[in-house]
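The values are calculated or read from the model by the stated rules, or taken from the named source; none is laboratory data. None of the values given here were measured: they were computed from a predicted structure. Reconstructed Cβ throughout: ideal geometry from the backbone, glycine too, with neighbour counts over all protein chains shown. Heads up: the accessible areas ignore ligands, DNA and RNA and are worked out on the full protein's heavy atoms, side chains in. Shrake-Rupley method; radii C 1.70, N 1.55, O 1.52, S 1.80 Å.
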Amino acid sequence: MRRELGRATLKEVAERAGVSIGTASAVFSGKSWVSPDTGSAVRQAAEELGYRPRARRAAAESGMIGFVSWATDMFSPANPYYGPVLFGAQQACAELGMSMTYEVVQPDADRLPLCVERGQVGGLLMLSLAPDRAYLRRILDAGVPCVLLEHAVEELPVDHVRHDDETGGYLATRHLLELGHTGPPPAVITADDRIVPAARRLAGYRRALAEHGLRPDPAYIRRGDFSFETGYEQMAALLALPVPPTAVFCANDESALGALDAMRDRGLRVPHDISVVGYDDVAMAARAAPPLTTIAADKELLGAQAVWHLAQRVRRPGMTSRDTQIAVELVRRQSTAPPPAR
């Protein structure tokens, strides 16, 4: 029995035809790589279910875009870093007369974002830990242009918008070295290299050490997950070393705040006993005790720039890819000073 017209979903069509949602979407988008047999099977399933695809042009002309992130605490709007990114994107949408819907997907999800499946958006902003090339390809095959925030994927027609994180890691580490923290060199608390900003900031840390003729000490390179808790844990581990560092670069402000707590709990004074540099310049960094020296990254501009790029890509889907890096700068506050006299 046929479903009532317009009530079936693309997912149901794909299941009946025995193909993925991306392939089914590609049939209706007129992609040339779809075989004639697959196209016939998908169209027959659509006819049997009474499915009528929404025109992607209508979605593009509606002025609606999607903002998609993985369903983790790191990418929550409540996060002190990503909240401003989302706000910047919303402000840019308002200036351009566009609307934005926010959606989270599970990191192991097989389905496309609902806003893509339902043909509701003309473009997508994507934020993730490690982009899945095949997943991104399925979205593009569905006829939805994309802009990636904080990471890049080569050889796909998407734009990338991110901060100049290698320079940021370099500036933070160079600041500590120029203060005299060279014996031992500064430690670093970072995250897994699959998180692209973490890998880039660590590369900047290594570059600054190399310029001063210093080699990174593996014991001084600690990895957490950018959280307050792992900042505390990794700082405690550094302080337990036979020769603790006199300075530490934390690759984000939340872990730096955790590191400050670990020092206070052990009776250490910042910066008299140890110096700390953070990264991101979230709102609470200036109100830390002591106020945190950090790398300022314009979070609202990151979100706004991504929207501006996406608006252009929706209008001109054949554009070549762009990789836009937003400048960062060192903000000196009271958490850094020359090392204590020995």
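Out of region 328-342, which residues are assigned to a loop (DSSP other than H, G, I, E, B), open to solvent by 80 Å² or more (accessible area, probe 1.4 Å) and under 26 Å from ASP165 (Cβ atoms)?
ARG332, GLN334
Out of the residues in region 128-149 that are open to solvent by less than 10 Å² (accessible area, probe 1.4 Å) and either modelled with pLDDT of 85 or more or not in a loop (DSSP other than H, G, I, E, B) (or both), state the one that is farthest from GLY318 (Cα to Cα).
My answer is LEU149.
Condition check ((1) more than 19 Å from ALA198 (Cβ to Cβ); (2) small (Gly, Ala, Ser); (3) at pLDDT below 95) across all residues:
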{"site": "ALA236", "(1), (2), (3)": "yes, yes, no"}
{"site": "PRO244", "(1), (2), (3)": "yes, no, no"}
{"site": "PHE249", "(1), (2), (3)": "no, no, no"}
{"site": "MET263", "(1), (2), (3)": "yes, no, no"}
{"site": "LEU268", "(1), (2), (3)": "yes, no, no"}
{"site": "PRO291", "(1), (2), (3)": "yes, no, no"}
{"site": "GLU300", "(1), (2), (3)": "yes, no, no"}
{"site": "TRP308", "(1), (2), (3)": "yes, no, no"}
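In the list ALA208, ALA172, which residue meets the criterion of being in contact with a Gly (Cβ under 8 Å, 6 or more places away or on another chain), surrounded by 24 or more Cβ atoms within 10 Å (Cβ to Cβ), aliphatic (A, V, I, L, M) and at pLDDT 95 or above? Let's see the steps before the verdict.
Numbers: ALA208 fails: surrounded by 24 or more Cβ atoms within 10 Å (Cβ to Cβ).
Exactly one residue qualifies, and that residue is ALA172.
Quick one: which residue in ALA134, ALA142, ALA152, ALA172 is in contact with a His (Cβ under 7 Å, 6 or more places away or on another chain) and among the small types (Gly, Ala, Ser)?
Going through ALA134, ALA142, ALA152, ALA172 in turn, just one is in contact with a His (Cβ under 7 Å, 6 or more places away or on another chain) and among the small types (Gly, Ala, Ser): ALA152.
Conditions tested, residue by residue: (1) among the charged types (D, E, K, R); (2) more than 19 Å from the chain's Cα centre (by Cα).
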| position | (1), (2) |
| --- | --- |
| ILE274 | no, yes |
| LEU302 | no, no |
| ARG316 | yes, yes |
| ILE326 | no, no |
| LEU330 | no, yes |
| PRO340 | no, yes |
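Collect the residues in region 227-246 that are open to solvent by less than 30 Å² (accessible area, probe 1.4 Å) and closer than 19 Å to ALA286 by Cα, keeping them in residue-number order.
SER227, GLY231
Among the candidates GLN305, GLN312, which residue alone is assigned to a helix (DSSP H, G or I), within 28 Å of GLN91 (Cβ to Cβ), open to solvent by 10 Å² or more (accessible area, probe 1.4 Å) and free of Cβ contacts under 8 Å to residues at least 40 places away in the same chain?
Of the residues listed, the single one that is assigned to a helix (DSSP H, G or I), within 28 Å of GLN91 (Cβ to Cβ), open to solvent by 10 Å² or more (accessible area, probe 1.4 Å) and free of Cβ contacts under 8 Å to residues at least 40 places away in the same chain is GLN312.
How many residues are within 27 Å of ASP281 (Cβ to Cβ) and open to solvent by 30 Å² or more (accessible area, probe 1.4 Å) when one looks only at region 83-120?
10
When region 311-342 is examined, which residues are found to be hydrophobic (A, V, I, L, M, F, W, C) and at pLDDT below 95?
ALA311, VAL314, MET319, ALA341, listed by residue number.
Looking for whichever is in a loop (DSSP other than H, G, I, E, B) and either of a type in the set (Asp, Glu) or modelled with pLDDT of 95 or more (or both) here; the options are THR167, THR190, THR182. Which one fits?
THR182
I want to confirm something. Restricting to region 162-212 and keeping residues that are more than 22 Å from the chain's Cα centre (by Cα) and among the small types (Gly, Ala, Ser), which single residue is nearest to ILE326 (Cα to Cα)?
The extreme case among them is ALA208.
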